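Encoded as structure tokens, the structure appears first; notes follow it.
The values are calculated or read from the model by the stated rules, or taken from the named source; none is laboratory data. Worth saying up front: this structure is predicted, and the values here are computed from it rather than measured. When we count neighbours, we look across all protein chains shown, and the Cβ atoms used for this are built from the backbone with ideal geometry, even at glycine.
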Amino acid sequence: MKFEDMLNTITLGNSYELIKEIPDNSIDLIYVDIPYLIDNFGGGTSELARRITKLNKEDIGFISKGINYSILDDFIRVLKKVNIFIWCNKNQILDIMNYFREYYCDILVWCKTNPIPNCNNNWISNIEYCLYFRENTVKLNDGYELKSKWFLSSTNKEDKQKYKHPTIKPLELVKRHIAHTTKKREVILDCFSGSGTTCVAAKELGRQFIGIEIAPEYHKISLDRLNGILANGQISLDTIMEVKNDKKV
Ligand SMILES: C[S@@+](CC[C@H](N)C(=O)[O-])C[C@H]1O[C@@H](n2cnc3c(N)ncnc32)[C@H](O)[C@@H]1O
């Protein structure tokens, strides 16, 4: 598949293969929310996991087995300069930080105001981690909110309902990250694109994007989302408002 055919759309496929089609030094930012390495679901494809997320076994497998770190070599290869956000869970932080140890690093967090309470021998799961790595020569844009290392919001129950992805990230936060680290028309790659949050954020900010998603269900949902259509087939309110506003002009 050609690079041009992947540009500004989301391709159905396996990133470990498709990333090989992306030329060296062609990407300005990688923004990925990798499949988490989940250790308390009985291997990730258990009946418990299936009941919690209401997904079939195969799709649970895609989102709960972590990644093969060999793809990080391709990340470095395709980037013009190292400029990468990686959402991951605590089991993956050490390996990823070790891999990128020669680069400038920040640990960003999304703090949730309404996490699910628990009474087991554990902390409440109210923080998600996003690691950011860059070369010193990557210039960051200004803006007080853009520069914040934390973001506070409720768990995005509404987005989960709209786009049916259990680990969907807040669009507003993803837009801040992208606006901080890229310029208009630059190219952003998300090779674990899920419900398409990165691609929608990029599109709304006037950036170019490449999305890759392996699960056919999420691939369809994300393509529809790019066109303003919800997972239940309805047109989103935002799209209706945009059309109305365009007519006023
Ligand atoms: C953590 S989720 C991303 C969620 C996304 N940030 C959002 O807001 O919707 C990771 C996604 O990677 C997909 N995935 C897993 N392995 C993949 C692979 N080898 N190639 C492409 N996508 C993959 C999963 O199906 C899942 O949807």
Worksheet item: What number of residues in region 142-192 are touching a helix residue (DSSP H, G or I) at 6+ places or on another chain (Cβ under 6 Å) and either among the hydroxyl-bearing types (Ser, Thr, Tyr) or free of Cβ contacts under 8 Å to residues at least 12 places away in the same chain (or both)?
Response: 1
Discussion item. Condition (residue is more than 15 Å from the chain's Cα centre (by Cα) and either aromatic (Phe, Trp, Tyr) or farther than 25 Å from residue 96 by Cβ (or both)) applied to region 184-200: is it met by at least one residue?
Written reply: yes
Discussion item. I'd like to know if region 75-84 contains one or more residues that are aliphatic (A, V, I, L, M), at pLDDT 90 or above and in a loop (DSSP other than H, G, I, E, B).
Written reply: yes
Discussion item. Condition first: within 9 Å of the ligand (Cβ to nearest atom), part of a helix (DSSP H, G or I) and within 19 Å of residue 10 (Cα to Cα). Can you find one or more residues in region 165-184 that meet it?
Written reply: yes
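Suppose we filter 100, 151 for residues that are buried (at least 16 other Cβ atoms within 10 Å of the Cβ), modelled with pLDDT of 95 or more, within 15 Å of the ligand (Cβ to nearest atom) and more than 30 Å from residue 216 (Cα to Cα); which single one remains? Spell out the reasoning first.
Values: 100 fails: within 15 Å of the ligand (Cβ to nearest atom).
Checking each option against the conditions leaves just 151.
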Item to complete: Give the residue, chosen from 105, 130, that is in contact (Cβ under 8 Å) with a residue 40 or more places away in the chain and either in a strand (DSSP E or B) or on the phi > 0 side of the Ramachandran plot (or both).
Response: 130
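Being more than 9 Å from the ligand (Cβ to nearest atom), in a loop (DSSP other than H, G, I, E, B) and under 18 Å from residue 227 (Cα atoms) is true for just one of 194, 206. Which residue is that? Lay out the reasoning, then the answer.
On the way: 194 fails: more than 9 Å from the ligand (Cβ to nearest atom).
After applying the criteria, what remains is 206.
Residues checked against (1) closer than 23 Å to residue 74 by Cα; (2) under 15 Å from the mean Cα position of the chain (by Cα); (3) loosely packed, with under 14 Cβ neighbours inside 10 Å:
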residue	(1), (2), (3)
161	no, no, yes
166	no, yes, no
170	no, yes, no
180	no, no, no
209	yes, yes, no
237	no, no, yes
